[in-house]
Amino acid sequence: MKPSSDLGITYARLVAVAVLAGPAAGCRNEQAPGQPNLAATRPSTMSATSSAPTSMPVWHRPRFADHRADRVRMVERQIAHPGDGRDPVRDEAVLEAVRNVPRHLFVRPGDLPSAHDDGPLPIGYGQTISQPYIVALMTEALKLTPGAKVLEIGTGSGYQAAVLAELTPHVYSIEIVKPLAEQAAARLKRLGYHTVAVREGDGYYGWPEAAPFDGIIVTCAAGHLPPPLWEQLKPGGRIVIPIGGFLQTQRLTVLTKTTDGKRQSEVVTLCAFVPMTGQIQK
């Protein structure tokens, strides 16, 4: 089987399922079939620019009844108990976050029947929404604490950012493809994820004015860790990043900054992501 060029799929799925194919059309005119149940949440008391409090933060998280059963089944069969050799995701906060975020509202209308399948889906501009399992795996690897500040490199459709927003109100996300950045920002706002800050830009440089971060998640493959991201990570913080070249075996890696600034590295699994673009290619 040829290597996958889809964003966000574990190596186990490369040998277990067929590679998704077909042109990636844009989703500029996407219509979301369903509305958030705002009555199920409390009004926001914090913004994405607030500093992390010392007590448990309280913030607005929308709730969606549509396709809830599909999400519960997706989490049970693909993430909590994958049953195909993949390590299960055990962090209940992460599992509940994936149960709550309406994945079907982050895919193109034509892909709705496949929204909860065990694989990535194209979202246009050569990018995809990642496989549900790897979204959960990478989120768990961050080990976010309540009130943590997290930076995402590669907003895509906004799905990963929404999952992160279930765990902390301090989510910053950068997307280098301008139309995707605009669409994701509008989608997150429309769906009620008001604590996510999105900007267009080259993720290589991070978001210095919002730094330092407790966690950084990179949803595209890089040949090396961009130095600015390491500089913007707090001591004790973690970066989750696929390391490797495009169409090569990549290693989903967790880099931890020790209290004295040294680097600890752990490979979580093999994976296949589309490459980071911009400065890192020069």
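The values are calculated or read from the model by the stated rules, or taken from the named source; none is laboratory data. Everything quoted here is computed from the prediction, not taken from an experiment. Here the Cβ positions follow ideal geometry from the backbone for every residue, glycine too, while neighbour counts run over all protein chains shown.
Here are some notes:
- The set of residues in the range 232-244 that are part of a strand (DSSP E or B) and on the phi > 0 side of the Ramachandran plot contains only GLY236.
- Against the conditions (1) among the charged types (D, E, K, R); (2) more than 12 Å from the chain's Cα centre (by Cα); (3) closer than 23 Å to VAL75 by Cβ, LYS149 satisfies every one except (3).
- Selected residue (only one of GLY223, GLY236 is farther than 20 Å from THR139 by Cβ, over 19 Å from the mean Cα position of the chain (by Cα) and either surrounded by fewer than 19 Cβ atoms within 10 Å (Cβ to Cβ) or among the hydrophobic types (A, V, I, L, M, F, W, C) (or both)): GLY223
- Screening the range 111-121 for residues that are in contact (Cβ under 8 Å) with a residue 24 or more places away in the chain and farther than 19 Å from ALA221 by Cβ and picking the one that is farthest from the chain's Cα centre (by Cα) gives LEU112.
Rundown of residues vs (1) in contact (Cβ under 8 Å) with a residue 40 or more places away in the chain; (2) on the phi > 0 side of the Ramachandran plot; (3) among the small types (Gly, Ala, Ser), yes/no style:
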position: GLY147; (1), (2), (3): yes, yes, yes
position: GLN160; (1), (2), (3): yes, no, no
position: SER173; (1), (2), (3): no, no, yes
position: VAL177; (1), (2), (3): yes, no, no
position: ALA181; (1), (2), (3): no, no, yes
position: PRO208; (1), (2), (3): no, no, no
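- Residue in the range 98-110 that is modelled with pLDDT under 95 and more than 21 Å from GLN78 (Cα to Cα) present: no
- Within the range 156-179, tally of residues that are part of a loop (DSSP other than H, G, I, E, B) and closer than 16 Å to ILE123 by Cα: 5
Listed here are the residues, each with its yes/no results for (1) part of a loop (DSSP other than H, G, I, E, B); (2) touching a residue at least 12 places away in the same chain (Cβ under 8 Å); (3) crowded, with 21+ Cβ neighbours inside 10 Å.
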position: ASP70; (1), (2), (3): no, yes, no
position: GLY85; (1), (2), (3): yes, yes, no
position: ALA97; (1), (2), (3): no, yes, yes
position: ILE123; (1), (2), (3): no, yes, yes
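- Out of LEU229, LEU247, LEU255, sole residue that is part of a loop (DSSP other than H, G, I, E, B), out of contact with any Asp or Glu (no Cβ under 6 Å at 6 or more places or on another chain) and of a type outside the set (Gly, Ala, Ser): LEU247
- Enumeration of residues in the range 249-282 that are without any contact (Cβ under 8 Å) to a residue 24 or more places away in the chain, loosely packed, with under 14 Cβ neighbours inside 10 Å, more than 19 Å from GLY236 (Cβ to Cβ) and in contact with a strand residue (DSSP E or B) (Cβ under 9 Å, 6 or more places away or on another chain): VAL267, GLN281
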